[in-house]
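First comes the structure, then the notes that go with it.
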Protein chains: 2
Amino acid sequence: MPTSRPLPSWNDGPARAAILDFVGAAVDPASPGYLRPADRIAVFAHDGTLWCEYPLAIEAQFIGARLIQLARQDPALRQRQPFKAFLDEDLPKIHGLGFRAILQLGFVTHAGITMDDFTRRATAWIATAMHPALERPVGECTYLPQLELLAFLRRHGFATFVVTGGAVNFVRAFAPDAYGVPAHHVIGSSVKLQVDLHDDVAELVKLAEPNSFNDGEAKVRNIALHLGLRPVFAFGNSDHDLAMLRYTAGGRGPRLALLLHHDDGAREFAYDREFYLNPLDEALDRAAAFGIQVVSMRQDWAAVFSERGAPAPIPDGRP
Amino acid sequence: MPTSRPLPSWNDGPARAAILDFVGAAVDPASPGYLRPADRIAVFAHDGTLWCEYPLAIEAQFIGARLIQLARQDPALRQRQPFKAFLDEDLPKIHGLGFRAILQLGFVTHAGITMDDFTRRATAWIATAMHPALERPVGECTYLPQLELLAFLRRHGFATFVVTGGAVNFVRAFAPDAYGVPAHHVIGSSVKLQVDLHDDVAELVKLAEPNSFNDGEAKVRNIALHLGLRPVFAFGNSDHDLAMLRYTAGGRGPRLALLLHHDDGAREFAYDREFYLNPLDEALDRAAAFGIQVVSMRQDWAAVFSERGAPAPIPDGRP
């Protein structure tokens, strides 16, 4: 049931108040915090900001599924790394590969197929895969308070973008349904593409060669490439997002940068500095100095996930 | 005055009929030509498709103004190329540089400044510059029938994008006002960017190094990078657009690809195969084979430009 209280899954507190104040001012032409519609640009990191990334990024699980499939076709691979680590679900070994190497594995094992075929493969996997620890489909590992926040921002004239370290085509495969964010509002890591002709029809084929790893400062450069202006609102959760949060917080005029702290071992997971695929360390130390509002999952969120099988609270229509 | 006839500046004929049929079907759930809103993606080339590019691309005029400025600061440059060609308005010499070299000149002479400063510089120039042949401000060299078409598409749920061979930041400086297309719906040629800190605020500085020349097949790859899906509607005017038109026309389901032919020496200019900055040659020969509808400026457009000083017929709001 809809409620008249905006952001119902957010507890009263400094984070919710900061969001309501910022958005309230943005739409009030009499306020010094007013923003023209063209400037209402909000960016969200993805893994750990919009959906669960622990104990392993869901995309890494998708890449692992592909490695396991390849090992089935060629059993000799079972004893080789990185296949063995994924077959054994050996998290320290998988984490040890690091963010870029895991992404690169995805690039290599999904190369040589068309962009459209990749999208179909990702969509099919997400439709059936279960999260290894949460006992829910990966598609239901999105955070309810963030779904409410995305919709709330759009209702107030903001354009909402996902700026992911993950592969852009992976996130585009479900962002429209999961977040109400169209494919062209997703910025992410990417490979080089080749235009091939099949039966006289041009198809885009994914190459194994990286085009951009969208982490750290690259997020700022890719925001500039895709959007051409500085966002006024940014939400992240790790050191990979610090440059983007700082870039957003540092502009003139009204702005709001938020950093999600995973401190809720009861309802989700509690981790920060030691999670080395996507650590929250320097960003936690420097948040106050950069004017970044820290959001405590434990204190600021009344709920973390939607009820199992509940319809997602994402309004239809263009963001 | 608004009229009840859609696309009032388009004459009855095959081009207008193709557009009305395509859009009418796209929004009719009972039609085989129906398109889900998420698939209603329209892309337009820029120079020569949305505004005049003859006898010289307007951006080349902007770059020339910068060269002339530099030559004023250092008169020794006046006798050197390419400065001399721009100072003498020597069109054959300027054309002889070629598309990429002129763009590269713009990259070099506008490097080392922030993206925001570049935008201010471009905006200020466009606000006062006159077209050398049309006796109207460059900002009024946009084509009235295309402004109507952009608005018509958006009223029917299409997201409209500009895919320009020109510098993305140049076109972003005026696309929101001129076309109702927000900055993040402009894809173009780009330079590499560097994140610099000034007084602890992160700024994006333009480097002289090209990131992408957005012509030919690169337009297809950049559409894939930015949009993640195949457009259903494309409008171009030159061989630089052939790959994009072919990519759009070649997908499954309903689609419409259009090619503007500059055959109107009375109201604009008549040129095609010999205009070697942006020739229309191979695309004209192959249009029929690829299912591309040729639009005759002379026959299909009832008007080319808005009346001088008339308010632009672009609706406000998000595309």
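Okay, here's what the table says:
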quantity	calculated
Degrees separating the helix B:58-73 axis from the principal Cα axis of chain B, which is the longest one	10 degrees
Equivalent ellipsoid semi-axes, the stretch A:105-198, via Cα gyration tensor eigenvalues times 5, rooted, Å	25, 19, 11
Distance between modelled label sites at A:ALA303 and B:ALA266, nm, 7 Å Cα→Cβ extension	6.7 nm
Lys, Arg +1 and Asp, Glu -1 on Cβ, resulting dipole of chain B about Cα centre, debye, nearest 20	460 debye
Solvent-accessible area of A:THR123 with every protein chain in place, 1.4 Å probe, in Å² to the nearest 10	60 Å²
Extended-chain gain in nm, criterion 0.36 nm per residue less alpha-carbon gap, B:ALA25 and B:LEU207	61.0 nm
Rg/Rh for the stretch B:92-133, where both radii come from Cα atoms and Rh is the Kirkwood radius	1.05
Electrostatic dipole magnitude of the protein assembly as shown [Cβ: Lys, Arg +1; Asp, Glu -1; Cα centre; debye, to 20]	180 debye
Inverse of mean 1/r across different Cα pairs in chain A, Kirkwood, Å	20.3 Å
Residues of type lysines that B:LYS192 reaches as a straight line, Cα spacing below 21 Å, ignoring anything fewer than 8 places off in the same chain	A:LYS192, A:LYS219, B:LYS206, B:LYS219
Cα-projected label distance for A:ASP199 with A:GLN73, points at 7 Å along beta-carbon direction, nm	2.2 nm
Equivalent-ellipsoid semi-axes of the stretch A:156-304, from the Cα gyration tensor, Å, largest first	30, 18, 16
Sparse-neighbourhood loop sites, trypsin sites (Lys or Arg not before Pro) in the stretch B:162-252 - DSSP loop, at most 12 other Cβ within 10 angstrom	B:ARG252
Rg in Å to one decimal, and Dmax rounded to a whole Å, for the protein assembly as shown via C-alpha atoms	25.4, 75
Simple spin-label estimate for A:ARG80 and A:ALA133 in nanometres, 7 Å along Cα-Cβ	3.1 nm
Heavy-atom accessible surface of the protein assembly as shown: percent carbon and sulfur, 1.4 Å	52 percent
Chain pair A, B: total accessible area buried, heavy atoms, 1.4 Å probe, Å²	3400 Å²
Top positive-direction residue, dipole computed over the stretch A:1-121 with Cβ charges, set A:ILE63, A:LEU35, A:HIS46	A:ILE63
The stretch A:229-319: projected area of the alpha-carbon convex hull, averaged over directions, in nm²	7.9 nm²
Cα principal axis extents for the stretch A:1-74, largest first, Å	67, 30, 24
Value of D in µm² per second that Stokes-Einstein yields for the stretch A:154-204, Kirkwood Rh from Cα pairs, at 37 °C (0.692 mPa s)	262 µm²/s
Peptide B:34-42 - average C-beta neighbours from other chains (10 Å radius)	2
Angle in degrees between helix B:14-26 and the longest Cα principal axis of chain B, rounded to the nearest 10	70 degrees
Potential lengthening between B:ALA310 and B:ASN11 on full extension [0.36 nm per residue; Cα-Cα distance subtracted]	105.6 nm
Average beta carbon contacts from partner chains per residue of A:221-234, 10 Å cutoff	5
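The values are calculated or read from the model by the stated rules, or taken from the named source; none is laboratory data. Being a predicted model, the structure only gives us computed values, none of them experimental. Methodologically, a virtual Cβ is constructed for each residue, glycine included, from the backbone with ideal geometry; neighbour enumeration extends over all protein chains shown. To get the accessible areas, we keep the full protein, side chains included, count just its heavy atoms, and leave off ligands, DNA and RNA. Shrake-Rupley method; radii C 1.70, N 1.55, O 1.52, S 1.80 Å.
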